[in-house]
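Worksheet for the structure shown next.
The values are calculated or read from the model by the stated rules, or taken from the named source; none is laboratory data. Keep in mind it's a predicted model, so treat the numbers as computed, not measured. Cβ: placed from backbone, ideal geometry, glycine included. Neighbour counts: every protein chain shown.
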Amino acid sequence: MSLDLIVKGGTLPDGRNADIGIAGGRITAIEPKIESEAGRVVDATGNLVAPPFVDPHFHMDATLSYGIPRINASGTLLEGIALWGELKPLLTHEAVRERALAYCDWAVSMGLLAIRTHVDTCDDRLLAVEALLDVKKSVAPYIDLQLVAFPQDGFYRDPTARENTIRALDMGVDVVGGIPHFERTMADGRRSVTELCEIAAERGLMVDMHCDETDDPQSRHIEQLAYETQRLGLQGRVAGSHLTSMHSMDNYYVSKLLPLIAEAEVSAIPNPLINIVIQGRHDTYPKRRGQTRVPEMLKAGIRVGFGQDCVLDPWYPLGTADMLDVAFMGLHVAQMTSPADMAQCFRMVTETNAAIMGLDHLGIEVGKTASLVVLEAGNPVEALRLRANRLCVIAKGKVVAERSSSAAKLDLPGRPKTVDRRHRLQN
């Protein structure tokens, strides 16, 4: 049988060396050696072939808007929200669409082929919702894009957010979102979790809630989210994003909370780059960094994936759509530096994030969608250390991005003529 594409000689994340055969946009064979003819052969010898990177938490309606109309001087979450409120009236459909498409171009170049983006529904025009629905159609041939209806200014706090959130879902937005800690009272926050989960259950949708993104240890909406997930039978379809208040909670309460989250099968999505720069802004020293309790969650059996959250927007002045940067920072803050832990962090930005988003068609298995990335590294840990080059990106059976090796030429007395940052530890 003739194949469309063969990826030759790559190393899979589990350490196997294999050829991967692709036809009709799907993986048709994974074998030590494939002899079939193919329209194209990608030589991956000595390099890691991995599933695509997946980002389960992003804000594409705000991306690449840094400095419009001004810069977040304090670096806080609340000033970022206020600044976004100043920017919203200035948005146009075309500007949101073009910035989002530009970010998707970056994403493809970095092997990021699935993104869940929250889109603000606290705008009676629902302009950003319409723009990102357009983007979703445009990028469908190469990116799986999910939209979350996100009432940024509060489901109850904003006078038309409830109506607009429901309108956005009627327009085809995929996931129900919320921000209970930004409601006027803790009680309103709890009520918003309940009603938003009921809306999701009625419509058969997933839930992804900005939850307890604060340094306040009394912000405990994740407990309500776990409860509603159980009550409404939403197990496996709900995620709590950020959960930074857990960083500051007392250990006794957390010892009760983690089993409840695990029992409800609620996923957790910390966002390391953003959490560590936004949290602790009111502290002197010691200064909190806010990332939630990732190792403890994993030990409790909770599904945890890392998200990017922001790139060049009112909340964050950096970013390149590189999920290896996200995992690299996450493992440092979580102190996950054993070989097994680092490999886990690589899985968190690939396989785990795909599972959180319900993207069962992704993965390196026969029959799965042929979306892959060839990394200039020998294994997942080396890929993290180097934030490795993406040598080739394949989306749904088609090569969509390529770049050459980054080995540098040197002119130094008595030294080699080239240097390669890759390194093999000797046994």
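Among Leu243, Leu331, which is the only one that is closer than 21 Å to Met110 by Cα and either surrounded by fewer than 24 Cβ atoms within 10 Å (Cβ to Cβ) or touching a helix residue (DSSP H, G or I) at 6+ places or on another chain (Cβ under 8 Å) (or both)?
Working: Leu243 fails: closer than 21 Å to Met110 by Cα.
Of the residues listed, the single one that is closer than 21 Å to Met110 by Cα and either surrounded by fewer than 24 Cβ atoms within 10 Å (Cβ to Cβ) or touching a helix residue (DSSP H, G or I) at 6+ places or on another chain (Cβ under 8 Å) (or both) is Leu331.
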The listed residue being surrounded by 18 or more Cβ atoms within 10 Å (Cβ to Cβ) and either hydroxyl-bearing (Ser, Thr, Tyr) or in the same structural domain as Ala128 (by TED's automatic domain parsing) (or both), out of Ser74, Ser65: Ser65
Filtered residues of region 209-229 (kept if in contact (Cβ under 8 Å) with a residue 60 or more places away in the chain and over 16 Å from Gly154 (Cβ atoms)): Asp215
Selection from region 249-274 of residues that are hydroxyl-bearing (Ser, Thr, Tyr) and surrounded by fewer than 22 Cβ atoms within 10 Å (Cβ to Cβ): Tyr252, Tyr253, Ser255
Tally of residues being of a type in the set (A, V, I, L, M, F, W, C), under 27 Å from the mean Cα position of the chain (by Cα) and buried (at least 23 other Cβ atoms within 10 Å of the Cβ) across region 1-26: 3
Unique residue being under 25 Å from Arg157 (Cα atoms), surrounded by fewer than 20 Cβ atoms within 10 Å (Cβ to Cβ), out of contact with any Gly (no Cβ under 8 Å at 6 or more places or on another chain) and among the polar types (S, T, N, Q) when the list is Thr121, Thr117, Thr92: Thr92
Asp170 being within 22 Å of Asp61 (Cβ to Cβ), part of a strand (DSSP E or B) and either in the same structural domain as Lys287 (by TED's automatic domain parsing) or more than 22 Å from the chain's Cα centre (by Cα) (or both): no
Meets criteria (assigned to a loop (DSSP other than H, G, I, E, B), in contact with a Leu (Cβ under 7 Å, 6 or more places away or on another chain), in the same structural domain as Leu112 (by TED's automatic domain parsing) and among the aliphatic types (A, V, I, L, M)) for Leu324: no
Out of Arg385, Arg390, Arg421, sole residue that is under 27 Å from Val54 (Cα atoms) and more than 22 Å from the chain's Cα centre (by Cα): Arg421
Scope region 343-362; condition surrounded by fewer than 21 Cβ atoms within 10 Å (Cβ to Cβ) and hydrophobic (A, V, I, L, M, F, W, C); matching residues: Ala343, Ala355
Pairs where the first residue, in region 26-42, is free of Cβ contacts under 8 Å to residues at least 60 places away in the same chain and the second is surrounded by 11 or more Cβ atoms within 10 Å (Cβ to Cβ) and among the charged types (D, E, K, R), C-beta under 8 Å, 6+ apart: Glu31/Asp19; Pro32/Asp19; Lys33/Asp19; Ile34/Lys8; Ile34/Asp19; Ala38/Asp4; Gly39/Asp4; Val41/Lys8
Condition broken by Asp134, with the remaining ones in (1) closer than 22 Å to Leu77 by Cβ; (2) surrounded by fewer than 19 Cβ atoms within 10 Å (Cβ to Cβ) satisfied: (1)
